[in-house]
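Colleague: Have a look at the structure that comes next, please.
The values are calculated or read from the model by the stated rules, or taken from the named source; none is laboratory data. Only a predicted model underlies this, so the values are computations on that prediction, with no experimental measurement involved. FYI the Cβ positions are ideal-geometry reconstructions off the backbone, even for glycines, and counts take in every protein chain you see.
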Amino acid sequence: MKKQQRHWYHYLWIWSIIYFSLGFVNILFAWLGLISFCLPLIFAIGGGNKLFCNRYCDRGQFLRVMGSQVGLSLRREMPDWMKGKAFRYGFMVFFFAMFFNIIYVSWLVGSEIQGIQEAVTVLWTFQLPWNWTYSAGITPWVAQFAFGLYSLMLTSEIIAIAAMLIYKPRSWCVFCPMGTLTQTICKAKYVPTTI
Amino acid sequence: MGKLSPRHAVVDSNMCVACGTCADVCPTGAMEIVSGVFAKPTEEKCVGCGICAKECPASAIRVEVRS
Ligand code: SF4
Ligand code: SF4
Ligand code: SF4
């Protein structure tokens, strides 16, 4: 069998490790997570493709490397309901509602209606102290958004890793909100060509 | 053109999430993601090895005897 050629973008999985490490040092780095929100949309809306998923997504690659190359995946078959449209679209709506809630809470903090929470919330339930990553002097809403985005990124990474360990390596990609959203955009733009 | 292999990959476009895993692992470069919507193998390139089917997280690929 032909060995596939390696390109620079095959190493983007390293970015996943760098991102979560940086957020452990200074929470402001969490803002870089917006790249993972903007780039897929730029490809989907601008180019009508899922090139981000297909080539540049650090998380997709990280799951493949850990699941396939390192061999951490049990490779069980995913239950049908997880692959179904109801779950995929439902999870997407829930995820983006949580994202807009982060923006709302940041606005509340910015308007001094609410005080900043120097914590990372995992799985929308467990609050982890994260205060060493934040120093007074940073504009409170900027830090609040960073805490919120880091919480969302960490939560989705934990779910993605759990899915990788139990099911096939890239099982998260079946119900990943960004993947579902970009495929929906691509479907809307798709004009079938006659062969 | 060489002879086509007896088996080939068939993608269920309703199940496919266009993640690109199949294209990533296909040893012959047969899989292509069409406009971010679904995966499609190039018939002449697909040798029916089934590597893509094994990796597809959505179980959208079957390897079938060519009709
Ligand atoms: S589906 Fe999500 S995790 Fe998977 S490659 Fe696309 S954006 Fe990345
Ligand atoms: S691996 Fe499966 S879900 Fe992903 S693009 Fe290929 S056929 Fe579609
Ligand atoms: S069956 Fe083998 S050659 Fe055909 S598309 Fe899948 S991985 Fe490629």
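Colleague: Is one or more of the residues making up the range A:23-38 closer than 22 Å to residue B:17 by Cα, assigned to a helix (DSSP H, G or I) and in contact with a helix residue (DSSP H, G or I) (Cβ under 6 Å, 6 or more places away or on another chain)?
Modeller: Among the residues of the range A:23-38, not one is closer than 22 Å to residue B:17 by Cα, assigned to a helix (DSSP H, G or I) and in contact with a helix residue (DSSP H, G or I) (Cβ under 6 Å, 6 or more places away or on another chain), which makes the answer no.
Colleague: Still on this model: Check residue A:149 against each of (1) at pLDDT 95 or above; (2) closer than 30 Å to residue B:18 by Cβ; (3) surrounded by fewer than 19 Cβ atoms within 10 Å (Cβ to Cβ) and name the one condition it does not meet.
Modeller: Going through (1) at pLDDT 95 or above; (2) closer than 30 Å to residue B:18 by Cβ; (3) surrounded by fewer than 19 Cβ atoms within 10 Å (Cβ to Cβ) one by one, residue A:149 breaks only (3).
Colleague: Across the range A:90-145, what is the number of residues that are under 29 Å from residue A:179 (Cβ atoms) and among the charged types (D, E, K, R)?
Modeller: 0
Colleague: Scan the range A:73-91 for residues that are under 20 Å from the mean Cα position of the chain (by Cα) and more than 20 Å from residue B:13 (Cβ to Cβ) and jot them down.
Modeller: If the condition is that a residue be under 20 Å from the mean Cα position of the chain (by Cα) and more than 20 Å from residue B:13 (Cβ to Cβ), then A:73, A:90, A:91 are the ones that fit.
Colleague: Any idea which of (1) within 16 Å of ligand 1 (Cβ to nearest atom); (2) of a type in the set (Asp, Glu); (3) in contact with a Phe, Trp or Tyr (Cβ under 6 Å, 6 or more places away or on another chain) is the one residue A:157 doesn't satisfy?
Modeller: With respect to (1) within 16 Å of ligand 1 (Cβ to nearest atom); (2) of a type in the set (Asp, Glu); (3) in contact with a Phe, Trp or Tyr (Cβ under 6 Å, 6 or more places away or on another chain), residue A:157 is out only on (3).
Okay, residues lined up against (1) away from every other protein chain (no Cβ under 11 Å); (2) surrounded by fewer than 15 Cβ atoms within 10 Å (Cβ to Cβ):
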{"site": "A:19", "(1), (2)": "yes, no"}
{"site": "A:40", "(1), (2)": "no, no"}
{"site": "A:43", "(1), (2)": "no, no"}
{"site": "A:48", "(1), (2)": "no, no"}
{"site": "A:55", "(1), (2)": "no, no"}
{"site": "A:83", "(1), (2)": "no, no"}
{"site": "A:104", "(1), (2)": "yes, yes"}
{"site": "A:109", "(1), (2)": "yes, no"}
{"site": "A:120", "(1), (2)": "yes, no"}
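Colleague: Name the one entry in A:68, A:73 that is in a loop (DSSP other than H, G, I, E, B) and in contact (Cβ under 8 Å) with a residue 40 or more places away in the chain.
Modeller: Only one candidate passes the filter, namely A:73.
Colleague: Now for a separate question. For residue B:15, all conditions in the list (1) within 15 Å of ligand 1 (Cβ to nearest atom); (2) within 10 Å of the chain's Cα centre (by Cα); (3) more than 18 Å from residue A:57 (Cα to Cα) hold save one; what is the number of the exception?
Modeller: With respect to (1) within 15 Å of ligand 1 (Cβ to nearest atom); (2) within 10 Å of the chain's Cα centre (by Cα); (3) more than 18 Å from residue A:57 (Cα to Cα), residue B:15 is out only on (2).
Colleague: Here is a follow-up. Taking only the range B:11-60 into account, find how many residues are among the β-branched types (Val, Ile, Thr), more than 7 Å from ligand 3 (Cβ to nearest atom), within 21 Å of residue A:75 (Cα to Cα) and more than 8 Å from chain A (Cβ to nearest Cβ).
Modeller: 1
Colleague: Hey, among A:76, A:88, which residue is within 14 Å of chain B (Cβ to nearest Cβ), on the phi < 0 side of the Ramachandran plot and crowded, with 19+ Cβ neighbours inside 10 Å?
Modeller: Values: A:76 fails: crowded, with 19+ Cβ neighbours inside 10 Å.
Answer to the check: A:88.
Colleague: With the checklist (1) of a type in the set (D, E, K, R); (2) more than 8 Å from ligand 2 (Cβ to nearest atom); (3) facing chain A (nearest Cβ under 9 Å) in hand, flag the one item residue B:7 doesn't pass.
Modeller: Checking residue B:7 against (1) of a type in the set (D, E, K, R); (2) more than 8 Å from ligand 2 (Cβ to nearest atom); (3) facing chain A (nearest Cβ under 9 Å), the one that fails is (3).
Colleague: Can you tell me which residue in the range A:160-195 is farthest from residue B:37 (Cα to Cα), limited to those that are more than 16 Å from ligand 1 (Cβ to nearest atom) and in contact (Cβ under 8 Å) with a residue 12 or more places away in the chain?
Modeller: Filtering first and then ranking leaves A:166.
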